[in-house]
Amino acid sequence: MSFSFAFPEPPAPPAPLAHLLASSAPLGLEYSLAVSYIDELESQIGLLDETIASLQLRRADLLQSVKVHRAALSPIRRLPPEILGEIFSLVVRATFHSYTAEKTPLTKHAPWLFTRVCRYWSAVALSNSALWSTILRDHDHTEKNPGALPLTKLCLERSGNVPLNVTIYQEMGVSDPHLVVFDTVLASSTRWGRVKLHVLSDFSWTYALLQQLTSNHRGFSALTTLLMSVDMSLPPGLSFDDGLWNVFAIAPQLRTLQAHCWDQHHLIRPPFSLPWHQLTRVSATFTTNTEALSVFRNMSNIVQCWFIFVENELLPTHYSTIRLPHLRSLALQIQIELSGGPVETLGKHTSLLDFLETPCLHSLTTDGTADEEAVLGLITRSDCSASLASFHFRTSIHHDSLLHLLQRMPHLTSLKLENFDGTLLPRSSVPVFVQAFSSQWLDTAQEIHLDHRQVLHVRIVDEQWDEQDACDMTRQLVSNQEHGLFITVSAIPDFLDIFCADFD
C-alpha cells in the first residue's frame, strides 16, 4: 500500500512587493497587492491544514489497526486453555472475596465478563466448570436483580459436578423471592463444598433462613468448610431447636468450622455441642474462658484452633492437663463486650494455656489471654520449643520475663509483640528492651552455623509512640538484617482479629 501527496508551490510575490519589503510606507497599489498575496498564502495554509487533519485521521486509523493486530499476537492469546483457566480462577476468587453490594449485578464481573471478550476466552470460561461453582446469595440485594433465579440455575448447570462454594449473606429482611432462589441452591446441597453463612438480621428472618437450611434432608456429603457468623438474638419465649445444627454436625467430610455467634449483649457459645468428631480446624466464640476450656477436652484430633471470648474467669483447678497431640496453630483472644462493657483483667489461674499440652505446636497467638508465665509453662510442659516458629503476644508486657521467655523459643521465624503501653519509649537512641533482645538473639545466632541460622521477622508495637519516631527506630536497626534479624518498630496495632477474620 502506497500513498502520494502533491503540494502546490507557494506563489511568488508580485514584483512591486519586493520594493515594499525594503520601504516603510506602502503605496496604494502595493497595499492591494500585499493583501491579495496574503489571502492566497492563507488559502494554501488552509488547504494544508485540511490535508494534515485528513492525514492525522488516517494515522489514527493505522495506529488502531496496529493495536488490534498487535493484541492478536499478545502472549495471553496463545496461552494454553489450562493456564488461562487458572488465571480466570484467580480473578473469580478475588472478585468474590472483595464482594460489595455496589458490585451488583455480578454479570458485569468475572466469570460472566470472560464470555464477552472473545470466542476463545468464552470457550475456555464455559469449559471450566470450577469458574461457575461460586454461588453468592446476597439476600439484601436480590430484589435489585430480577434475573437472580435464572442466573443461579445457569451457574448450577455450568458448574457441572464441581463442589460448590456457597455464600449466604443477609443483614436485612428476607422476602419470599429470596427464599425461592435460595431453595434452588439448596437443592444442590450434596455438592456444597464450602459454605459461608453471614446472617445479621432480625430473628424472624434469621429463623426463616436457618430453618430452610436445617430442614434440608439431602445432606451435605461434600461439605468440607463451614464459615458461620450468625446473630442469635431471640425474642422472649422463643428458642432454637436443640437439633437445629445436626445437619452440619453429621457432614462426613467437614473439617473446618468457624462458628461466630452473639446476641444483643455479647459473644456467646454456638448453640450446639462442640466439637464434632470429624473436625480438625475450629474457630469459635464463647462468653467465658471456662466455656472454651470445656470444649478442649474432646478435641484430641484438632490441628488448628482459634477461640475468642468476652470474660476471663478464674478457671477450675480440678481440670487435668488436656493433651492435644496434633495441634499446630492456637490463637486465643479476649474481646470487648458488644454492649461496651469493660474487659475482665487477666489474672492468676485464668489462662487456658495452664491446662494444655501441645507437643507439636507451631504457631501461638495470645491476645489478652495469657502472660509470660503461662506461655513459658505451656512450652516447658509440652516440650515444644523445637517446633514453635511463630509467636504473637499481646498482654501486659514485663521486659525481663519476656526476654527470658523468648530465650526458650530458639526456632522462631515470626515474632509479634503488642502492646508495650509506653514502656518501650526510649531514653536513648535504642530502647533498652529492643537493645537487650537484639543482643540476646545475635549472641544465640553466633553459636549456630550460618547455613542453619534462622531468619527472624519481628514486629514490636507501642501505641504510645509517634509513628515517625518508630519508623526512624526501624531504620536504625537495619544493620541487624545482615545477621538475619529483621525488626520493625511501630505505633500502629497489627494483630489477628479472630472475630473479623475468615477461617480459611
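Read the figures in this text as sums done on the coordinates, not as results from a lab. All values reported here derive from a predicted model rather than from experimental measurement. Cβ: placed from backbone, ideal geometry, glycine included. Neighbour counts: every protein chain shown.
Quick rundown of the values:
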{"quantity": "Packing-based exposure ordering (other Cβ within 10 Å, fewest first) of Ser36, Ser382", "calculated": "Ser36, Ser382"}
{"quantity": "Overall form of segment 269-341 per C-alpha gyration tensor (a/c, 1.5; a/b vs b/c)", "calculated": "prolate"}
{"quantity": "Whether segment 364-403 is rounded, prolate or oblate, judged on the alpha carbon gyration tensor where a/c under 1.5 counts as rounded", "calculated": "prolate"}
{"quantity": "Overall form of segment 455-504 per C-alpha gyration tensor (a/c, 1.5; a/b vs b/c)", "calculated": "oblate"}
{"quantity": "Rg over Rh, two decimals, segment 413-494 (C-alpha only, Kirkwood Rh)", "calculated": "0.98"}
{"quantity": "Sequence ranges 390-397, 311-318, 110-117, ranked by mean other-Cβ count within 10 angstrom, highest first", "calculated": "390-397, 110-117, 311-318"}
{"quantity": "Order of Val35, Val375, Val91 - criterion: other Cβ atoms within 10 Å of each residue's Cβ, fewest first", "calculated": "Val35, Val91, Val375"}
{"quantity": "Dipole moment magnitude, nearest 20 debye, segment 342-426 about Cα centre, only Lys, Arg, Asp, Glu C-beta charged", "calculated": "200 debye"}
{"quantity": "Among Val461, Cys471, Ala436 the positive-end extreme of the charge dipole of segment 413-494 (Cβ point charges)", "calculated": "Ala436"}
{"quantity": "Residues His399, His411 arranged by fewest to most Cβ contacts within 10 Å", "calculated": "His411, His399"}
{"quantity": "Sites Ile250 and Ala71, calculated FRET efficiency, Cβ-Cβ separation with R0 56 Å, nearest 0.05", "calculated": "0.60"}
{"quantity": "Gain upon complete extension [Ser129, Glu482; 0.36 nm per residue less C-alpha separation]", "calculated": "122.2 nm"}
{"quantity": "Total charge dipole magnitude, segment 458-504, about the Cα centre, Cβ charges on Lys, Arg, Asp, Glu only, Debye to nearest 20", "calculated": "240 debye"}
